[in-house]
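Single-structure report; data block below.
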Amino acid sequence: QALTSYMGPSTFVNVGAEISITLEPAQPTEGDNITLVVHGLSGELLAYNWYAGPTLSVSYLLASYIVSTGDETPGPVYTGREAVRPDGSLDIQGVLPGHSGTYILQTFNRQFQTEVGYGHVQVYEILAQPTVLANSTALVERRDTLRLTCSSPSPTAEVRWFFNGGALPVALRLGLSPDGRTISRHGIRREEAGTYQCEVWNPVSVSRSKPVNLTVYFGPERVAILQDSTTRTGCTIKVDFNTSLTLWCVSRSCPEPEYVWAFNGQALRNGQDHLNISSMTAAQEGMYTCIVKNTKTLLSGSASVVVKLSAAAVAMMIVPVPTKPMEGQDVTLTVQGYPKDLLVYAWYRGPASEPNRLLSQLPSGTWIAGPAHTGREVGFPNCSLLVQKLNLTDTGRYTLKTVTLQGKTETLDVELQVTREYAGRRKAWPLLDGGRGFQKESLLPPSGWGT
């Protein structure tokens, strides 16, 4: 009550006062003991008033102090933690964030003059760990929107974000809210998949959230079929008979897509990223297609290749060796380009009919004689036929019939010309008309031939 009498209408406020107030410690954290230290007091002072607020209003009055008696009178905002020192400084024990704000010291001298000094207190929290809240941690590229919020009980703390431990990409920084606590990204991209963290900080404390992992689904893209690490999509792969082949299906996709293989448009029972052909035959020639589907993006893609036997384009032909055999010699009817997936074959003396069959070879590799076999014919695995000790009657047509594993039948014939040697002149004459125009023992050339 005595202090209030100094604040009557005639009280003069010295606006040119040199009072200054400093805070010790300068950056207090909650729970610290602090002091608003007063500097620049002059003259003989009667009393101090401390206000915790922006104006000299009684409603903000914290405490009044009479210098001569040391009496302290609490004001409306007194909390029990405050105490005024004789030199005018103000102690606050165990400060809380609510103690932050403007503090005003008002002094009174014996001439009823008053001076005013201003101080400011900012109490910093020991920040609790924030939490990143995500609308979803698995999004589809270019379709979904990402929203991340940094949740913290400290509304005054500053916020910064981290992506994979480093700075945010530019596109994400552009999506920050004004307070920096929320990220919005429309049409998320695959390169923005990764770990996100937020960090709250103030001058005395920092705390970072646990990482939140974001997955971005995309694809499939660039579907291709590989053979031995070489892209074969859209190409023809030629494979030797009875050899193995592995086709690999690759694509860019997240997550790993589902695989379906098709052969000539028919689905195969294979759900893997590769297809094995263990023993290539003509039955496996055709178009192979790999179809991939992403169960998250609901997109799909495909690639195809054509697989053929490398020998499929080689035409089969029969070449006699020697090309002009003579009576008494052996001749081999050599088969070139024979089917690599051969099952059986048969040789005939003349048209391909059972009475004319010389021999046939079974899948086991053994051959059996036919009705026309003379005992001088031998078969080989490559379909060739050896005829031993030729005579003039061996001249004529020989027919080869082949059957493949797939049941494909091919027939090919060749005309064999057997010549005989003219013993008197050491000249060999071709046997014409199958030998029917000569006597069996004649050594003379036919009429009309030069000598």
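The values are calculated or read from the model by the stated rules, or taken from the named source; none is laboratory data. Worth saying up front: this structure is predicted, and the values here are computed from it rather than measured. Here Cβ is always computed from backbone atoms with ideal geometry, including for glycine, and neighbour counts include all displayed protein chains. SASA here: full protein model, heavy atoms, side chains in, ligands and nucleic acids out. Shrake-Rupley method; radii C 1.70, N 1.55, O 1.52, S 1.80 Å.
Couplings 3J(HN,Hα) of the range 198-208, computed from phi: 10, 9, 9, 8, 9, x, 10, 8, 8, 8, 10 Hz, in residue order, whole Hz [Karplus 6.51 cos²θ - 1.76 cosθ + 1.60, θ = phi - 60°; x for Gly and Pro].
What percent does the relative contact order of the chain come to when contacts are Cα pairs within less than 8 Å and at least six residues apart? Relative contact order, the chain: 8 percent. Rounded to the nearest 0.05, what FRET efficiency is calculated for A128 and H186 with R0 set to 30 Å and r the Cβ-Cβ distance? The computed FRET efficiency comes out at 0.45. Here the Karplus curve 6.51 cos²θ - 1.76 cosθ + 1.60, taken at θ = phi - 60°, turns the phi angles of the range 212-224 into couplings of 10, 8, 10, 10, 10, 7, 7, x, x, 10, 6, 5, 8 Hz, with x standing for Gly and Pro. Averaged per residue, the range 103-243 has 51 square angstrom of accessible surface, using a 1.4 angstrom probe with ligands and nucleic acids left out.
Stretch S57-R173 to full length: gain in nm at 0.36 nm per residue minus the Cα-Cα span? Gain in length upon complete extension: 37.3 nm. Taking all protein chains in place and a 1.4 Å probe, what share, in percent, of the accessible surface of the chain do carbon and sulfur account for? Whole-percent figure for carbon plus sulfur exposure: 52.
Put +1 on the Cβ of each Lys and Arg and -1 on the Cβ of each Asp and Glu in the chain; which of S205, L275, T107 then has its Cα farthest toward the positive end of the dipole? My answer, from the dipole projection, is L275. Amide H contacts of R232: I225, L226, Q227, each under 5 Å away and 5 or more positions distant or on a separate chain (H built 1.01 Å from N in the peptide plane; Pro and chain starts excluded).
Pairs K340/K401; K324/K408; K324/K389: which are spaced more than 21 Å apart, C-alpha to C-alpha? From the list (K340/K401; K324/K408; K324/K389), the Cα-Cα distance tops 21 Å for K324/K408. Residues whose amide H falls under 5 Å from that of Y124, counting only those 5 or more places apart or on a different chain, are T29, E30, with hydrogens built in the peptide plane. Classification of the range 220-328 by its C-alpha gyration tensor yields a prolate form. The axis ratio a/c (a ≥ b ≥ c) is 1.5 or more, and a/b outweighs b/c. Overall shape of the chain was characterised from the C-alpha gyration tensor. The equivalent ellipsoid obtained from it has semi-axes of 117, 17, 15 Å, in decreasing order. Derived scalar couplings between HN and Hα for the range 56-70 equal 7, 10, 4, 5, 9, 5, 8, 6, 10, 9, 9, 5, 5, 10, x Hz in order, rounded to whole Hz, by the Karplus curve 6.51 cos²θ - 1.76 cosθ + 1.60 (θ = phi - 60°), x for Gly and Pro.
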